[in-house]
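*Asks:* Please find one structure pasted underneath; my questions will follow.
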Amino acid sequence: MKDPVKTIGNLIDKQSVSFISSVDESGCPNTKAMLPPRKREGIKVFYFTTNTSSMRVGQYKNNPQACIYFCDKRFFRGIMLTGTMEVLEDREHKELIWQEGDTMYYSKGVTDPDYCVLRFTARQGRYYSNFSSETFEIE
């Protein structure tokens, strides 16, 4: 792959669903479909919204090891990124990705205690395309 940031970034930006994975208390992976990230910095840092009260937030607080996955089912391509997930509850990060209409999920607005930000930072990627996989480090 000549330009991973461009190739993978384009794949990610065209998806309407993303998958995030956490590790539960028994060490088993747990995967959940989510809306796409609200913001991304290249293919290293991704921001998602979720409920502070969710099971996933508790899992990330106990064990920040995480994985995110994006799949282009039309061309049967996918990217798995592994790294860590942080739970951010400060106003600055909440405002960073807040969008009009979010009160549908968080009725008290950007300061809603049940609204938080998940920030994923990738360390490694594995890209699948044309019946072949390639693993690479993310800097």
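*Asks:* Each residue of the stretch 125-139 in order: what ³J(HN,Hα) in whole Hz does its phi give by Karplus 6.51 cos²θ - 1.76 cosθ + 1.60, θ = phi - 60°, with x for Gly and Pro?
*Replies:* x, 9, 9, 10, 6, 6, 6, 9, 10, 9, 9, 8, 7, 10, 10
*Asks:* Something else: Say each of ARG91 and LYS73 gets a label point 7 Å from the Cα, pointing the same way as Cα to Cβ; how far apart are those two points in nm?
*Replies:* Going from the ARG91 label point to the LYS73 one covers 4.2 nm.
*Asks:* Could you pull out the GluC sites (Glu not before Pro) across the stretch 59-104 that fall in loop regions by DSSP (anything but H, G, I, E, B) with no more than 16 other Cβ atoms inside 10 Å? Spell out each step's value before the answer.
*Replies:* Values: sites: GLU86, GLU89, GLU92, GLU95, GLU100; in loops: GLU89, GLU100.
Answer in residue order: GLU89, GLU100.
*Asks:* Given R₀ = 41 Å, what would the calculated FRET efficiency be for THR84 paired with SER132, taking r from the Cβ atoms and rounding to 0.05? Please report the intermediate quantities before stating the final value.
*Replies:* On the way: r = 27 Å, r/R0 = 0.67.
In this case the efficiency is close to 0.90.
*Asks:* Sticking with this structure for a sec: Provide, for q = 0.10, 0.19, 0.23 Å⁻¹, the log10 of I(q)/I(0) from a solvent-free Debye sum over equal Cα point scatterers in the stretch 1-124.
*Replies:* -0.31, -1.06, -1.39
*Asks:* Which of the chymotrypsin sites (Phe, Trp or Tyr not before Pro) found in the stretch 73-111 are in a DSSP loop and have at most 14 neighbouring Cβ atoms, other than their own, within 10 Å? Display every interim value, and only then the final one.
*Replies:* Values: sites: PHE75, PHE76, TRP98, TYR105, TYR106; in loops: PHE75, PHE76, TRP98, TYR105, TYR106.
Sparse-neighbourhood loop chymotrypsin sites (Phe, Trp or Tyr not before Pro): PHE75, PHE76, TYR105.
*Asks:* So, for the chain, what is the accessible surface per residue at a probe of 1.4 Å, expressed in square angstrom?
*Replies:* Per-residue accessible area for the chain comes out at 58 Å².
*Asks:* I've got another one for you. Considering only protein heavy atoms and a 1.4 Å probe, what is the carbon-and-sulfur percentage of the accessible area of the chain? Mind dumping the intermediate values first?
*Replies:* On the way: 4080 of 8020 Å².
Carbon with sulfur: 51 percent of the solvent-accessible area.
*Asks:* Lys and Arg at +1, Asp and Glu at -1: add these up for the other residues within a Cβ distance under 13 Å of GLY78 and post the number.
*Replies:* Numbers: positive: LYS14, LYS73, ARG74, ARG77, ARG126; negative: ASP72, GLU134.
With Lys, Arg at +1 and Asp, Glu at -1, the net is +3.
*Asks:* Work out, step by step, the length gained on full extension between LYS44 and LYS108: first 0.36 nm times the residue separation, then minus their alpha carbon distance; give nm to one decimal.
*Replies:* On the way: separation 64, 0.36 × 64 = 23.04 nm, distance 3.08 nm.
Taking LYS44 through LYS108 to full extension adds about 20.0 nm, to one decimal.
*Asks:* Taking the Cα atoms only, what angle lies between the long axis of helix 4-13 and the longest principal axis of the chain, rounded to 10 degrees?
*Replies:* 50
*Asks:* Under the Kirkwood approximation for Rh and a Cα-based Rg, what ratio Rg/Rh is obtained for the stretch 6-53?
*Replies:* Values: Rg = 12.5 Å, Rh = 12.2 Å.
Taking Rh as the inverse mean 1/r over Cα pairs, Rg/Rh reads 1.02.
*Asks:* In nm, give the distance between the simple-model label positions of THR52 and THR7, each being 7 Å from the Cα along the Cα-to-Cβ direction.
*Replies:* Roughly 4.2 nm, to one decimal.
The values are calculated or read from the model by the stated rules, or taken from the named source; none is laboratory data. Note that the structure is a prediction, hence the values are computed from the model and not measured. We place every Cβ from the backbone using ideal geometry, glycine too, and count neighbours over all the protein chains shown. Ligands, DNA and RNA are excluded from the accessible area calculation, which covers all protein heavy atoms including side chains. Shrake-Rupley method; radii C 1.70, N 1.55, O 1.52, S 1.80 Å.
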